[in-house]
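Following: one structure in structure tokens, then a few remarks.
The values are calculated or read from the model by the stated rules, or taken from the named source; none is laboratory data. This is a predicted model, so every value here is computed, not measured. Heads up, the Cβs are rebuilt from the backbone with ideal geometry, glycines too, and the neighbour counts pull from every protein chain shown. Protein only, heavy atoms only, side chains kept; ligands, DNA and RNA dropped before computing areas. Shrake-Rupley method; radii C 1.70, N 1.55, O 1.52, S 1.80 Å.
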Amino acid sequence: MKVSAIKAAAGLGKTRGLIEMISYSRHAKVEYYVPDHQLAAEVSALVWKQRFGRRAQIIKGRSQMHDATARMCARHGDAERLSANGYPVFPVLCAKRVSHGNIERCTHYSKCPYILQFSPQRGVRIYTHAALPLERGFLDGGIPQLAVIDESFFKVCIESFVVAQDALRSSALGPAATKVFAAVLDALLTKKPLLQHLRTENLMPDLKQALVECEPGLPYFSPWWSEQRQQKFFVKLKPRPKVYELLLALKVELASERDEAHGIRLHATGGIRVDRKRPITRFAQGANSADIIIIDADASPVTIEPWFPGATYSEIPAPRNAYVMQCSSTRGSTTSMVPERNADPASKAKAEDRLDDIQHLIDRKAAEGKRVLVVGPQHVTGNPAQGQPPRLTCPEGGELAHFGAIRGVDRWKDFNVIIVVGRNEPPLDAVQDMARAIWCDSPEPLRFVEEWSKEMRGYRMRDPQELEGAETITHPDPRVQALVEQIRECETAQATDRLRLVHAEEPKEVFLLSNVPTAVVVDELRNWKEVIFGSRIEQALAKYRGVLPLAPSWLALNCPDLWESEGAAKNDVTRLGQKDHSSNSIYIRKMSKLTYNYWLAGQTNPARALSTLPVHETQTALTKLLGVPVVLREGHKQPKLPKYFGGVGWACMALRTAAGFGFSEAAPA
């Protein structure tokens, strides 16, 4: 089996390219795995459009809709009950093998849409990621020549469950299982190293026999029973204790050289908590195996090697056409934006103010005629599937989306602006539980902690001369930290790529409302207030409708809410001259946002003013603001502008800004 992992930016056209490659290949059977059915439909459409007309078949679950009125399986409710209680569906409900090779099939079998979708065998079958950890069944048919896994898949291939102590002490257990579970409970209750204890007790032969004793069988049921008898069966059906799965987890952990178990421990309820990796076995049968291509913008050995050791890795770099502004003054925790998560009134009020600020930024960008996408935690941006209402609103043409439901989505490619609210940071216990499952078979012990660590992490600034960083929450174990970054930092990058920045003709605006450094290249860092409302100079420029004298004394006198002193205003004006710090709107590169030199009557040295207006309007506005006549003069080695009122203006530098209003066309040279 050859496994190739490709890291390629979202929007690069990787899915389309793969489908084209498949259409020209000689692979008779191909399987394509995507996160959800919406993406499956997009892949299917691409397959059918290819010139060689390969068949594409989306494999749907029994409860999925077949058409507007019917489900894929007429008995999908019974199928869900079987699955929820730990039993396989097909050999019980669909086709049960009985004595002498006879098979009792469901009365709907021959016309069942769920069954019929698996025929024919050739072409491209499109599955969701949920099928990856499932064993290849009768309906799946033989191993494909090629399997493609699109987007990150590791979360569907780990599981957690709790086995009650009573189930481990049940009199129905065989002697070997009874012995093994007694040793497990003894070790966990007395806080002995579990794996070391089982090896000391020499229980490996007993574990092997216990797996035979506890192998789950099929319940006594026949699809040929009467409807009344079948319903009685489902009423009495009880969950199957996962003692067999616990034994499998023990077997995997004992194969390592560790003394302590990663994924088997006491649960708060008193039961045994198991976090385990579900292996992917459906691509190999004996000597027959499929070639596998894994393609993901975040492809990493951290989340691929545990399932596909020895995979090869390659990367397709692609620059993004965007102007990225990141908030450097707040981590952007979800609690800081959800009032009811805060106990004291002051914190509640602060959370409400923060929501108001974000809403102001959304409205400001929408007022510029831009389509705005807002991505954040579901408790802020909402989650309709879970009945979670949003705390923000998007004007017409914009959309809200939540972390965890954005990967692969292509419908936002024509949006101009994205605002990423906060960060997708998992709770410490949750990420450590994931690590327990992923590395349950690792010989190297994981390090578990009760509190996060903190360390300085650097931003990826577009200007390499800018060395900026922020204190960031981290985990001391490098594998767990790498997992955190796959969930937190990579989700921010995934969000920004929803605007398909790689092929954007014009630079798009990206606002990151969290100070966590990510792989996203940052053009400018600002504090929260300046991200939301613009820099102090930008706010003053908006206040005075596009014309602003840059005299520190005038700024401090007329804008005391922005500058507490003349010195503070002087610092901002000086910075403005040293570097372009007015960049809230990336389109200003094409606009006439200029500084002008002007003279007052009797003045020898020129003063400067910032303006978005034509020269004659700038002169008139400055005269009104300052209360005295103003003259604009021609500057050295600058393009000449049309003369108005006897003065000649000149531009000395272009600036980027986001003052929230329209701009005039550039003055002619």
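Listed conditions (1) open to solvent by less than 60 Å² (accessible area, probe 1.4 Å); (2) touching a residue at least 60 places away in the same chain (Cβ under 8 Å); (3) not acidic (Asp, Glu) are all met by Ala70, apart from (2). For segment 74-87, the candidate set comprises residues that are among the small types (Gly, Ala, Ser) and open to solvent by 40 Å² or more (accessible area, probe 1.4 Å); within that set, the residue that is farthest from the chain's Cα centre (by Cα) is Ala74. So, in segment 382-402, of the ones that are in a loop (DSSP other than H, G, I, E, B) and touching a Ser or Thr at 6+ places or on another chain (Cβ under 7 Å), which residue ends up surrounded by the most Cβ atoms within 10 Å (Cβ to Cβ)? Only one residue fits best here, namely Leu392. The residue of segment 554-607 that is modelled with the highest pLDDT, among those that are among the charged types (D, E, K, R), under 30 Å from Gly369 (Cβ atoms) and outside any helix (DSSP H, G or I), is Asp561.
When Thr335, Thr303 are checked against the criterion of being closer than 30 Å to Asp433 by Cβ and surrounded by fewer than 17 Cβ atoms within 10 Å (Cβ to Cβ), Thr335 stands alone in meeting it. If you take the residues in segment 341-381 that are assigned to a loop (DSSP other than H, G, I, E, B) and in contact with a Phe, Trp or Tyr (Cβ under 9 Å, 6 or more places away or on another chain), which one is surrounded by the most Cβ atoms within 10 Å (Cβ to Cβ)? Ranking the candidates gives Pro377 first. Screening Gly382, Gly369 for residues that are more than 24 Å from Val302 (Cα to Cα) and out of contact with any Pro (no Cβ under 8 Å at 6 or more places or on another chain) leaves exactly one candidate, Gly369. Looking across His129, His76, His66, one residue alone is out of contact with any helix residue (DSSP H, G or I) (no Cβ under 8 Å at 6 or more places or on another chain) and not basic (Lys, Arg). It is His76.
Pairing residues of segment 434-454 that are on the phi > 0 side of the Ramachandran plot with residues that are aliphatic (A, V, I, L, M) and not in a helix (DSSP H, G or I), at Cβ distances under 7 Å and at least 6 apart in sequence or on separate chains, gives no pairs at all. If you go through segment 132-151 and keep only what is touching a helix residue (DSSP H, G or I) at 6+ places or on another chain (Cβ under 9 Å), buried (at least 18 other Cβ atoms within 10 Å of the Cβ) and in a loop (DSSP other than H, G, I, E, B), you end up with Leu132, Pro133, Asp140, Glu151.
Only residues that are open to solvent by 10 Å² or more (accessible area, probe 1.4 Å), basic (Lys, Arg) and closer than 20 Å to Tyr33 by Cα were counted across segment 239-296, and they come to 2.
When segment 97-112 is filtered for residues that are farther than 23 Å from Met65 by Cβ and either touching a helix residue (DSSP H, G or I) at 6+ places or on another chain (Cβ under 9 Å) or of a type in the set (Gly, Ala, Ser) (or both), the ones remaining, listed by number, are Arg97, Ser99, Gly101, Arg105.
Scanning segment 45-73 for residues that are closer than 18 Å to Asp140 by Cβ and either over 25 Å from the mean Cα position of the chain (by Cα) or not aliphatic (A, V, I, L, M) (or both) yields Arg55, Ala56, Gln57, Lys60, Gly61, Arg62, Gln64, Met72, Cys73. Considering only segment 462-504, state which residues are basic (Lys, Arg), in a loop (DSSP other than H, G, I, E, B) and open to solvent by 10 Å² or more (accessible area, probe 1.4 Å). The answer is Arg462, Arg500.
Where helices (runs of 4 or more DSSP H) fall wholly inside segment 152-212, no range has 2 or more residues that are under 41 Å from the mean Cα position of the chain (by Cα), at pLDDT below 95 and buried (at least 20 other Cβ atoms within 10 Å of the Cβ). For Glu425, the conditions (1) touching a residue at least 60 places away in the same chain (Cβ under 8 Å); (2) over 20 Å from Cys327 (Cβ atoms); (3) assigned to a loop (DSSP other than H, G, I, E, B); (4) out of contact with any Gly (no Cβ under 8 Å at 6 or more places or on another chain) all hold with the exception of (2).
Within segment 389-424, if we keep just the residues that are of a type in the set (A, V, I, L, M) and in contact with a Lys or Arg (Cβ under 9 Å, 6 or more places away or on another chain), the residue that is nearest to Ser328 (Cα to Cα) turns out to be Ile419.
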